[in-house]
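Novice: Take a look at this one; I'll ask things after.
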Amino acid sequence: MTSPTPTPLALCAAVLVAAFGVLGVPSVAQPEEAPSDAVSWSVSPADESGPDGRTSVEHELDPGESIDDHIVVRNLGSADVVFHLAAADGYYTPAGRFDMLPSDQESVAAGTWITLPDEVSVPAGGAVVVPFTVAVPDNAEPGDHAAGVAASVLSIQKDDAGGTGVGVESRVGIKVMTRVTGEIAPAFAVRNLSADYEMTWNPFRAGSATVSFDVANTGNTRLDAAGELSIAGQTIAFPAEGERRQEILPGESRTFTIAVPDVWPLVAVGGDLRITPSSSTLDGDPLAVDASSTSVTVWAMPWPQLGLVAGAALLVLALLWNRIRSRRRMEVLLSTARERGREEALDEARREEAVR
C-alpha cells in the first residue's frame, strides 16, 4: 500500500509514499501516470539465497537477544537504481493498513532495534538480498513490537509551468514484528460507545441506526478485533465477511461504525454489543482473550408515527364534533317545529272558538 507524507527538501515541497508487502504478494511501487522508464520495485522477506515465501518478518526474542534476517530488493525497471534503505517504527492506520513512520519522524521503539545498510544498488531487472539485524534491548517490555523495513528512491518533479520542483520519496517495505518473551497478557477495552438514529418522515417506513465505538488494545499483544451487534431483531458481525481483518497493536485503538437498517422508532431500542477479539502465538496457537458484552440503547422517538396518530385523532374529533353539532342543530330544528306546531294549534283553536 502507499501513503503520502511530506519530507523536507530545500526550496521544495516533499511527499512521502510508503508501501508495505503485508498481503499475499510482494509490494510493488509504481508512481501514477509515470513514464515507461519509471522506477518500480518490490521488497519481500528472504533468506540468504532469495525470497522465502513469507509476507512479513516475525521473531520471538528474549530481551538482549538479536537475530539476523534478510530482505530481497527487486528492480523491476529498465535502469540501474540505488535504493535508500531504512527502518522505522510501525503502526496501523485508522483504515487498518500497516505503515511505518515517515522519514522526517524519529523512531523511538522497535524501529531503532533494526540495523541494515544505508543503500543498495540493484541492476535493471535484477534482485539483491540485503541482510539486516534485529537486536532487542535488555530492558524491552514483553509483548509485540512493530517496525518496518523499506527501500526508497527520491525523484524531483516540476509543476506544469516547469517551475518549482517537488521532491517525491517513494518507498516499498515489509512489516517486521518482534515478540519479546515474558508475561504475555492480551487485553482490550471498549470506549466512546455512541448510538444515533436517523428517522424517515414516512410513518410506514423504518429508520436506521448507527452504532460507533472504539476498541483499545490495553494488553501487550496484537489483537484481531471482531464481534457482533445484536439489536432491533438483527445480528450484525464485524468485520463483515470479506472485509479486511482488523489487527490492533498494543497501545493502539480502532474505531468501528456499524450501520443497522430497518429500525422502527420505539423510543428506546435496546441491544447488546459483544466483542470477541483473538490473539495467538507466533506459531498460530490461540491465546485466551476474555470476551465482553456492553448494552446499547438507541433513542428513537416515533415522531412521524405520533404525528400520524395525532392527525387521525384530530380527524376523529372533528368528525365527532361535526356529528354533535349536526345532532344539536337537528334538535333545535325539531324543537322549533314542535313549538310552531303548538302555536298553530292554539291559533286554530282560538279561531274556532271565535266562530262559535
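Novice: Report, by residue number, each residue of the stretch 198-225 that is farther than 14 Å from residue 257 by Cβ and hydroxyl-bearing (Ser, Thr, Tyr). Full working, then the answer.
Specialist: Of the stretch 198-225, the ones farther than 14 Å from residue 257 by Cβ are 199-207, 216-224.
If the condition is that a residue be farther than 14 Å from residue 257 by Cβ and hydroxyl-bearing (Ser, Thr, Tyr), then 200, 218, 221 are the ones that fit.
Novice: Test residue 149 against the stated conditions and say whether it is touching a strand residue (DSSP E or B) at 6+ places or on another chain (Cβ under 9 Å) and either acidic (Asp, Glu) or open to solvent by 40 Å² or more (accessible area, probe 1.4 Å) (or both).
Specialist: Working: touching a strand residue (DSSP E or B) at 6+ places or on another chain (Cβ under 9 Å): yes; either acidic (Asp, Glu) or open to solvent by 40 Å² or more (accessible area, probe 1.4 Å) (or both): no.
Against the criterion (touching a strand residue (DSSP E or B) at 6+ places or on another chain (Cβ under 9 Å) and either acidic (Asp, Glu) or open to solvent by 40 Å² or more (accessible area, probe 1.4 Å) (or both)), residue 149 does not qualify.
Novice: Another question about this same structure. Quick one: in the stretch 278-317, which of the residues that are out of contact with any strand residue (DSSP E or B) (no Cβ under 8 Å at 6 or more places or on another chain) and β-branched (Val, Ile, Thr) is nearest to residue 212 (Cα to Cα)? Write out each step before concluding.
Specialist: At the first step, the residues of the stretch 278-317 found to be out of contact with any strand residue (DSSP E or B) (no Cβ under 8 Å at 6 or more places or on another chain) are 283-285, 288, 290, 303-317.
From what's left, β-branched (Val, Ile, Thr): 309, 316.
Working: 309: 32, 316: 43 Å.
For the stretch 278-317, the residue satisfying everything is 309.
Yes/no matrix, rows are residues, columns are (1) open to solvent by 50 Å² or more (accessible area, probe 1.4 Å); (2) modelled with pLDDT of 95 or more; (3) within 27 Å of residue 185 (Cβ to Cβ); (4) among the small types (Gly, Ala, Ser):
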| residue | (1), (2), (3), (4) |
| --- | --- |
| 219 | no, yes, yes, yes |
| 222 | no, yes, yes, no |
| 228 | yes, yes, yes, no |
| 241 | yes, no, no, no |
| 250 | no, yes, yes, no |
| 262 | yes, yes, no, no |
| 270 | yes, yes, no, yes |
| 282 | no, no, yes, no |
| 285 | yes, no, yes, no |
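Matching residues to (1) more than 15 Å from residue 196 (Cβ to Cβ); (2) touching a residue at least 40 places away in the same chain (Cβ under 8 Å):
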| residue | (1), (2) |
| --- | --- |
| 220 | yes, yes |
| 226 | yes, yes |
| 230 | yes, yes |
| 233 | yes, no |
| 237 | yes, no |
| 240 | yes, no |
| 258 | no, yes |
| 268 | no, no |
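Novice: Which pairs have Cβ atoms under 7 Å, sit 6 or more apart or on different chains, and link a residue in the stretch 177-189 that is over 15 Å from residue 280 (Cβ atoms) to one that is aromatic (Phe, Trp, Tyr)?
Specialist: From residues that are over 15 Å from residue 280 (Cβ atoms), the pairs are 178/113.
Novice: For the stretch 94-121, give me each residue that is without any contact (Cβ under 8 Å) to a residue 40 or more places away in the chain and β-branched (Val, Ile, Thr).
Specialist: 108, 112, 115
Novice: Filter the stretch 163-217 down to the residues that are β-branched (Val, Ile, Thr) and crowded, with 19+ Cβ neighbours inside 10 Å, then identify the one that is farthest from residue 82 (Cα to Cα). Steps first, please.
Specialist: Taking the stretch 163-217 and keeping what is β-branched (Val, Ile, Thr), we get 164, 166, 168, 172, 174, 176, 178, 180-181, 184, 190, 200, 210-211, 215.
In the following step, the residues that additionally are crowded, with 19+ Cβ neighbours inside 10 Å were identified as 168, 172, 174, 176, 178, 180, 211, 215.
Details: 168: 15, 172: 14, 174: 18, 176: 23, 178: 28, 180: 34, 211: 49, 215: 42 Å.
That would be 211.
The values are calculated or read from the model by the stated rules, or taken from the named source; none is laboratory data. Every value quoted in this text rests on a predicted model; they were computed, and no experiment measured them. Cβ coordinates were reconstructed from backbone atoms using ideal geometry, including for glycine residues, and neighbour counts include every protein chain displayed. Please note that ligands, DNA and RNA were not included when accessible areas were found on the heavy atoms of the full protein model with its side chains. Shrake-Rupley method; radii C 1.70, N 1.55, O 1.52, S 1.80 Å.
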